[in-house]
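Peer 1: Encoded as structure tokens, here's the structure I'll be asking about.
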Ligand SMILES: Cc1cc2nc3c(=O)[nH]c(=O)nc-3n(C[C@H](O)[C@H](O)[C@H](O)COP(=O)(O)O)c2cc1C
């Protein structure tokens, strides 16, 4: 049973991956999608989006950099041109990426207009070509994985897409159990994943709408998957992975308290302070507070306090004050 941290563009960057991985309960992470449009993605873009990768000459250990392990971070590519995606995948693999994940689920209008993400769910032949070319372009030791939704306008293309992906040589498939038209609205149709499991031989990982341990248990029963990918649920409850693992081991688990969460927020602030210019100060923390507020009412109060601030010291002070007051 493995827990995957979902890719979330604009929300889960390498700082957040580092923080959540350090906390524990996560076995694998995936980068935010990296667009492949008119040319192959150059090395510098991979190193910026995924600093867990490093050129061989600079690698701290054999597996990654000080930002984390390239063995447990997959690089996600999004595009529609098989040859450019294949060449990009090869560059990432040479930088140490242990797996290339292909995005066939992004619902963003701009991405879909440019023939990428979920838009390809109606183009099974193209999906097959992208997976096959990627497989051919990277060494056999590099995994090729894919992430799909159940369909574009309706939930009808998941079986043919899943079969095409497996036949093209993918090693794993993550299924976000909704169509593009469903957006992020509940429910997630976990039962469809069970149908996919019955049709293909590669591991299938369930994703979508797992916010609590009870959701995990439900999803596991309906989908037949023990391994799951957690996105918003893990941002709302950063130790949800630990809770699920404790449950699997038959142990009791107590969720993190607000002061413990606030400590993590301070850590994130420190990490981002070095990584982002002042004009973006606090943006990542604010986004995270939005998700945290689902589980911690204190997060709403803190958000209100800092929402207009672009001053790292002010935000730090507010987090400390709010924690002391709790
Ligand atoms: C803000 C946001 C950004 C996302 N970015 C990506 C992305 O870059 N690549 C991807 O495959 N999925 C992306 N997703 C989808 C998630 O990975 C996940 O499939 C979806 O949120 C459902 O899982 P959840 O209910 O656990 O959040 C994004 C979702 C959100 C809300």
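Each reported figure results from applying straightforward, stated rules to the coordinates on display, with no laboratory input. Remember, predicted model here, so these are calculated numbers, not experimental data. With ideal geometry, Cβ positions are generated from the backbone for all residues, glycine too; neighbour counts draw on all protein chains shown.
Peer 1: Enter the angle in degrees (range 0 to 90, nearest 10) between the Cα long axis of helix 158-167 and the first principal axis of the Cα atoms of the chain, meaning the one along which they spread out most.
Peer 2: On a 0 to 90 degree scale, this one is about 70.
Peer 1: Now for a different question. Run the simple label-point estimate for residue 300 and residue 113 please: 7 Å along Cα→C-beta, distance reported in nm.
Peer 2: 3.6 nm
Peer 1: Okay, moving on. Taking every pair of alpha-carbon atoms in the stretch 258-325, give the share separated by more than 17 Å as a whole percent.
Peer 2: In whole percent, the share of Cα-Cα pairs in the stretch 258-325 beyond 17 Å is 30.
Peer 1: Okay, next question. Treat each spin label as a single point 7 Å out from the Cα along the C-beta direction, and report the residue 1 to residue 163 distance in nm.
Peer 2: Result: 3.2 nm between the two label points.
Peer 1: Here's another thing I want to ask about it. Take residue 94, project a point 7 Å from its Cα along the Cβ direction, then tell me which residues of the stretch 18-50 have their backbone nitrogen under 20 Å from it.
Peer 2: Flagged as within label range: 34-50.
Peer 1: Once fully extended, how much extra length lies between residue 293 and residue 213, figured as 0.36 nm per residue of separation less the alpha-carbon to alpha-carbon distance?
Peer 2: Additional length available on full extension: 27.0 nm.
Peer 1: Using alpha carbons only, how many degrees (0 to 90, rounded to 10) separate the axis of helix 283-292 from the longest principal axis of the chain?
Peer 2: 90 degrees
Peer 1: Looking at the chain, what % of its DSSP beta bridges pair antiparallel, to the nearest 5?
Peer 2: 5 percent
Peer 1: Let me ask something else about it. Can you grab the distance from the C-alpha centre of the stretch 106-165 to the C-alpha centre of the stretch 1-56, Å, no decimals?
Peer 2: Rounded to whole Å, the Cα centres lie 19 Å apart.
Peer 1: Rank by packing, highest mean first: peptides 141-149, 240-248, 305-313, with packing defined as the count of other Cβ atoms within 10 Å averaged across residues.
Peer 2: Ranking the peptides 141-149, 240-248, 305-313 by packing returns 141-149, 240-248, 305-313.
Peer 1: Figure the gain on full extension for residue 280 and residue 185 (residue separation times 0.36 nm, minus the Cα-Cα span) and round it to one decimal in nm.
Peer 2: 31.3 nm
Peer 1: If the chain between residue 45 and residue 266 were fully stretched, how many nm would it gain, using 0.36 nm times the residue separation less the Cα-Cα distance?
Peer 2: 76.8 nm
Peer 1: Report the relative contact order of the chain, percent, no decimals, based on alpha-carbon pairs under 8 angstrom and at least 6 residues apart.
Peer 2: After rounding, I find 14 percent.
Peer 1: Also: Taking the chain as the reference, fit the longest principal axis to its C-alpha atoms, fit the long axis of helix 14-23 to the helix C-alpha atoms, and give the angle between the two in degrees, 0 to 90, nearest 10.
Peer 2: 70 degrees
Peer 1: Using only Cα atoms, what Kirkwood radius does the chain have, in angstroms?
Peer 2: After inverting the mean inverse Cα-Cα distance, the result is 20.2 Å.
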